[in-house]
1. What is the one condition in (1) more than 23 Å from residue 63 (Cβ to Cβ); (2) buried (at least 18 other Cβ atoms within 10 Å of the Cβ) that residue 178 does not satisfy?
2. Mind checking which residues of the stretch 85-103 are among the aliphatic types (A, V, I, L, M) and buried (at least 18 other Cβ atoms within 10 Å of the Cβ)?
3. So how many residues does the stretch 132-174 have that are among the acidic types (Asp, Glu), in a helix (DSSP H, G or I) and surrounded by 14 or more Cβ atoms within 10 Å (Cβ to Cβ)?
4. Can you tell me which residue is modelled with the lowest pLDDT among those in the stretch 181-205 that are under 23 Å from the mean Cα position of the chain (by Cα) and among the acidic types (Asp, Glu)?
5. Is it fair to say residue 217 is surrounded by fewer than 18 Cβ atoms within 10 Å (Cβ to Cβ), in contact with a strand residue (DSSP E or B) (Cβ under 8 Å, 6 or more places away or on another chain) and under 27 Å from residue 125 (Cα atoms)?
6. Taking the stretch 159-202 on its own, how many of its residues are free of Cβ contacts under 8 Å to residues at least 40 places away in the same chain and aliphatic (A, V, I, L, M)?
7. Please go through the stretch 111-131 and pick out each residue that is in contact (Cβ under 8 Å) with a residue 60 or more places away in the chain and not in a loop (DSSP other than H, G, I, E, B).
8. Of a type in the set (Phe, Trp, Tyr), under 24 Å from residue 100 (Cα atoms) and assigned by TED's automatic domain parsing to the domain that holds residue 101: does that describe residue 133?
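The values are calculated or read from the model by the stated rules, or taken from the named source; none is laboratory data. From a predicted model like this one, the values you see are computed outputs, not experimental measurements. Virtual Cβ from ideal backbone geometry, glycine too; neighbours counted across all protein chains shown.
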Amino acid sequence: MLQLCNMIRITLFSAAVFLALGACSQQPKQGKSVTVENLNTAAFESRMKSTPAKIVLDVRTDEEFKSGHLQGAVNMNVNDPDFAERIKQLDTTQPLFVYCLAGGRSAKAADILKDMGFPAVYNMEGGISRWTYENRAVESPAGAMDKGLKKAEFESMMAGIKDTLVLVDFWAKWCAPCRKIKAYLPEIEKEFAGKLKVVKINYDDNPRLVKELSLDNVPYLFLYKNGKSLWQQSGYIEAAALKASIKSKL
């Protein structure tokens, strides 16, 4: 009798385990990974228009977002420490369209978002700088995209600095490569004292000039002399390479 009872207990336990495992296997998978689809601005816009239910996510800073953003976008800064937690507030049953200024931060965000359970993740290549350069619509406060220097004013400024090289540095507060250049610029100014003038222009504060000069990224450096552009550099450059470029134009 004791042996029979033990057999019954074992049989009941095995059945319970089997049922539990079966129930677990039927639970929906969380955080299923998807392949991020990188789209140029035209394809990104077309896909958004053909997707009725969606989330458009701007992963720039709050200040950048307020200066102009895509219609209906929500703002969550990818560099905030709680970014992944905030994403959980979104409806993960909808496709997600993500963008930033030039594509770097949105690619970083997309790498996180692909594992958050969204059915699809689309990343805009070139960012909103390329979007606005192509005259695609943005939502922004009245006059926000017209603030700052005009191209004519900038060119007048460059022409007014005579007989010396001018290093123009387009930078932004949120830009890590910009901070690296800023750190070594005093060394550049000291080495070329009397031969070089440095002019720093905030990218975010001058959207009109940025558009008129067709700048789609920061940092962006120019060398001018007597109002003429002699050299330009998109993206980060090491101090030694910048010094060599300056020397070649003296």
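1. (1)
2. 87, 96, 98, 101, 102 - these are the residues of the stretch 85-103 that are among the aliphatic types (A, V, I, L, M) and buried (at least 18 other Cβ atoms within 10 Å of the Cβ).
3. 1
4. 204
5. no
6. So the count comes out to 5.
7. 111, 113, 121, 122, 123, 124, 127, 128, 129, 130, 131
8. Against the criterion (of a type in the set (Phe, Trp, Tyr), under 24 Å from residue 100 (Cα atoms) and assigned by TED's automatic domain parsing to the domain that holds residue 101), residue 133 qualifies.
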